[in-house]
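Structure, as structure tokens:
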Amino acid sequence: MFPKMNIGSLSLVNNIFLAPMAGITDLPFRVLTRKFGASFCFTEMVSANGLVRGTHKSYEYLKSSPDDSPLGVQIFGSDPDILSEAARIVTESGADLIDINAGCPVKKVLKTGAGAALMRDPAKFETIVKSVRKATRLPLTVKIRSGWGHDELNAIEIAGIAENCGVDALSLHPRTVRQGFSGTAEWNLIGLVKKNTNIPVIGSGDVRKPGDALRMIEETGCDGVMVGRGALGNPWIFEGITTLISDGTTPAPPSPIEREAVILQHLETNINLYGKGIGVKNFRKHLLWYTKGLKGGNKFREIAVSVTEINELLNMVHEYLRSLSYGVSDAGRL
């Protein structure tokens with residue numbers, strides 16, 4: 001039987017999560033990954049300032065549906081009062097969990113004192129977490145990095161503060177802020193944080209195939225695994241992970257016909273939510289990921305990236321994928 005997981009009052013059917021990713025984890029993508037086995041998904045990070053000021057774009061990120069549950073909303077900011085008010089807004093929106101972003105390494109976020117910048121100011125981090133904890137009855141998590149640099153590794157300290165402030169679980173991407181998304185995630189730090197805390201720890205970073213998730217759990221003792229970039233163009237990874245952990249096998253890679261069906265489904269949900277123009281435009285990046293590693297994919301992407309008319313795009317996808325007569329390995333479930 002697949003291991004279940006609890007975060008506060010929230011009971012999950014498994015311990016495999018879709019990570020919050022800016023510009024990616026919108027409603028259509030979340031619903032799709034759930035169909036393949038992700039037990040829990042996060043919105044992309046939402047500006048606390050935007051929510052408090054009533055910015056339309058910030059509220060758009062909160063859009064959900066009955067098929068999109070349970071849902072975690074990740075908020076970011078640097079002002080305790082604004083973050084606590086944002087937490088109240090999110091709670092009233094019907095979310096199932098709130099996550100504080102203390103791990104984003106993007107410069108424009110760091111310059112505002114938000115994201116991973118909070119790890120450089122433990123006292124401020126503590127004030128923020130206490131403030132948000134008081135503002136919501138929902139399960140509360142934080143997402144952190146290993147530290148600012150290899151000379152400033154303070155994930156264990158920050159995790160301890162979070163636990164003492166009443167956080168129900170934390171997720172750790174064991175790269176430094178200076179690393180960004182380069183280099184290798186140092187999984188051993190996940191194990192160290194797990195040994196030094198009494199709350200669930202979710203590991204993240206370099207989970208690109210099902211075997212990586214299983215190995216992360218075995219090597220670190222983490223309670224759950226969060227999949228980020230490994231899910232781009234590859235929602236099948238969740239099916240692969242859940243199957244591997246539950247019975248030790250992995251499904252066959254998706255056939256070109258299966259791949260086309262998922263692409264069309266994903267595109268349709270984008271259009272239904274955003275309209276044809278924006279829906280197609282937003283989907284093109286996903287199409288590039290869906291065809292990564294496929295024979296002739298480079299040539300297909302060079303042409304497809306400039307297509308704006310939906311019927312033309314659908315015909316291109318159909319003709320390209322039906323021309324493939326073999327299974328996929330690099331971009332499939334394996």
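The values are calculated or read from the model by the stated rules, or taken from the named source; none is laboratory data. For clarity, every value in this text was computed on a predicted model and none was experimentally measured. Note that we place each Cβ from the backbone using ideal geometry, even for glycine, and neighbour counts take in every protein chain shown.
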Handout entry: Residue in the range 213-223 that is assigned to a loop (DSSP other than H, G, I, E, B) and closer than 23 Å to Thr43 by Cα present
Key = yes
Exercise for the section: Please give the helices (runs of 4 or more DSSP H) falling wholly within the range 16-123 in which 3 or more residues are assigned by TED's automatic domain parsing to the domain that holds Ile202, more than 19 Å from the chain's Cα centre (by Cα) and surrounded by fewer than 24 Cβ atoms within 10 Å (Cβ to Cβ). Expected result: 48-53, 80-93, 107-110
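Give the range 259-305 a look and list any residue that's outside any helix (DSSP H, G or I) and either in contact with a helix residue (DSSP H, G or I) (Cβ under 9 Å, 6 or more places away or on another chain) or assigned by TED's automatic domain parsing to the domain that holds Thr25 (or both), or say none.
Thr291, Lys292, Leu294, Gly296, Val305
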Completion exercise
With the first residue restricted to the range 299-326 and required to be within 17 Å of Ile271 (Cα to Cα), and the second required to be outside any helix (DSSP H, G or I) and not polar (S, T, N, Q), Cβ contacts under 9 Å at 6 or more apart or on different chains are Leu313/Val307
Practice task
Go through the range 158-195 and give me each residue that's surrounded by fewer than 16 Cβ atoms within 10 Å (Cβ to Cβ), in contact with a strand residue (DSSP E or B) (Cβ under 9 Å, 6 or more places away or on another chain) and in a helix (DSSP H, G or I).
Solution key: Asn188
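Take Leu232 and decide whether it is buried (at least 18 other Cβ atoms within 10 Å of the Cβ) and over 18 Å from the mean Cα position of the chain (by Cα). If you could, list the steps in order and put the result at the bottom.
On the way: buried (at least 18 other Cβ atoms within 10 Å of the Cβ): yes; over 18 Å from the mean Cα position of the chain (by Cα): no.
In short, no.
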